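Student: One structure, pasted below without further comment.
The values are calculated or read from the model by the stated rules, or taken from the named source; none is laboratory data. Predicted model, so just to flag it, every value in this text is computed and none were measured. No Cβ is skipped: glycine too gets one built from the backbone with ideal geometry, and neighbour counts run over all protein chains shown. Accessible surface is based on the protein model in full, side chains and every heavy atom, while ligands, DNA and RNA are left aside. Shrake-Rupley method; radii C 1.70, N 1.55, O 1.52, S 1.80 Å.
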Amino acid sequence: MRLPDILQDLLVESLQVVLCGSAASTASAAAAAYYAHKQNKFWIILHETGLTSELLEPRQYRELLKYGIGLTDLVKTHAGMDHQIPLAGAAGTGRTRLQASIAACRPKFLAFTSKTAGERFLGGRKDYGEQTETIATTRIWILPSTSGAANGSWRPEIWHAFAERVRGAAGPG
């Protein structure tokens, strides 16, 4: 029997971007909203980079659709920090599910908001930035985690470079 998803995907056809984390945090699971921990920089960096014109709060996550942004996680059935989630076992199931979701909604970009999630999905060590792999015409990026627990590897310039690429690819979907 499959466990229920912690957070429902925010996916529709023809998005600009799908942002994908490893899994919901315990704060996000409790709030029933993506990137809900008060120390998470996700909502701030979306606004700073111009991916959203307003600073949204986690409870407003569904409003990302008006910016052409969708949300999902590699592991949908567990919550917590990366070291608390059975990434090794769940990554295979998550990879298959995510590939099918991306093939169905056809975003221009799939960006992992966690290096761990990107590496698990792509199956090996990767650097931040645009990857050589694609899913059909969807380009894949790995972005630094916005989690407060990952402050040591925070590099906002990669998020800014990603936002520039998204703006450069804007146009009829």
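Student: For the stretch 119-143, which residues satisfy the criterion of being under 20 Å from W43 (Cα atoms) and either open to solvent by 30 Å² or more (accessible area, probe 1.4 Å) or part of a helix (DSSP H, G or I) (or both)?
Tutor: Within the stretch 119-143, Y128 is the sole residue that qualifies.
Student: Would you check if L65 is at pLDDT 95 or above, over 18 Å from P144 (Cα atoms), in a helix (DSSP H, G or I) and not polar (S, T, N, Q)?
Tutor: So L65 fits the description; yes.
Student: Given the conditions (1) closer than 18 Å to F162 by Cβ; (2) touching a strand residue (DSSP E or B) at 6+ places or on another chain (Cβ under 7 Å), which single one is not true for S53?
Tutor: Among (1) closer than 18 Å to F162 by Cβ; (2) touching a strand residue (DSSP E or B) at 6+ places or on another chain (Cβ under 7 Å), S53 violates only (2).
Student: Sticking with this one: Give the residue that is modelled with the lowest pLDDT, with candidates limited to residues of the stretch 68-80 that are touching a helix residue (DSSP H, G or I) at 6+ places or on another chain (Cβ under 6 Å) and not in a strand (DSSP E or B).
Tutor: G80
Student: Kindly provide the set of residues from the stretch 37-62 that are free of Cβ contacts under 8 Å to residues at least 12 places away in the same chain and assigned to a loop (DSSP other than H, G, I, E, B), ordered by number.
Tutor: K38, E54, listed by residue number.
Student: Checking the conditions here, which among H160, H78 is open to solvent by 50 Å² or more (accessible area, probe 1.4 Å), touching an Asp or Glu at 6+ places or on another chain (Cβ under 9 Å) and touching a residue at least 40 places away in the same chain (Cβ under 8 Å)?
Tutor: H160
Student: I'm trying to understand the selection: among the residues of the stretch 1-44, which are open to solvent by 50 Å² or more (accessible area, probe 1.4 Å) and within 16 Å of A150 (Cα to Cα)?
Tutor: Across the stretch 1-44, the qualifying residues are T26, H37, K38, Q39, I44.
Student: Consider the stretch 119-142. How many of its residues are touching a residue at least 60 places away in the same chain (Cβ under 8 Å) and either under 20 Å from G50 (Cα atoms) or out of contact with any helix residue (DSSP H, G or I) (no Cβ under 9 Å at 6 or more places or on another chain) (or both)?
Tutor: 0
Student: Quick one: would you say H47 is under 17 Å from S147 (Cβ atoms) and open to solvent by 50 Å² or more (accessible area, probe 1.4 Å)?
Tutor: No; evaluated as a whole, the condition is false for this residue.
Student: Might you let me know whether the stretch 82-99 holds any residue that is buried (at least 18 other Cβ atoms within 10 Å of the Cβ), more than 13 Å from the chain's Cα centre (by Cα) and among the hydroxyl-bearing types (S, T, Y)?
Tutor: Within the stretch 82-99, none of the residues are buried (at least 18 other Cβ atoms within 10 Å of the Cβ), more than 13 Å from the chain's Cα centre (by Cα) and among the hydroxyl-bearing types (S, T, Y).
Student: Given the structure, is A136 within 23 Å of Y34 (Cβ to Cβ) and either of a type in the set (G, A, S) or at pLDDT below 95 (or both)?
Tutor: For A136, the condition - within 23 Å of Y34 (Cβ to Cβ) and either of a type in the set (G, A, S) or at pLDDT below 95 (or both) - is not met.
Student: Sort out which residues of the stretch 163-173 are open to solvent by less than 90 Å² (accessible area, probe 1.4 Å) and either not hydrophobic (A, V, I, L, M, F, W, C) or not in a loop (DSSP other than H, G, I, E, B) (or both), and write them in order of number.
Tutor: A163, V166, G168, A169, G171
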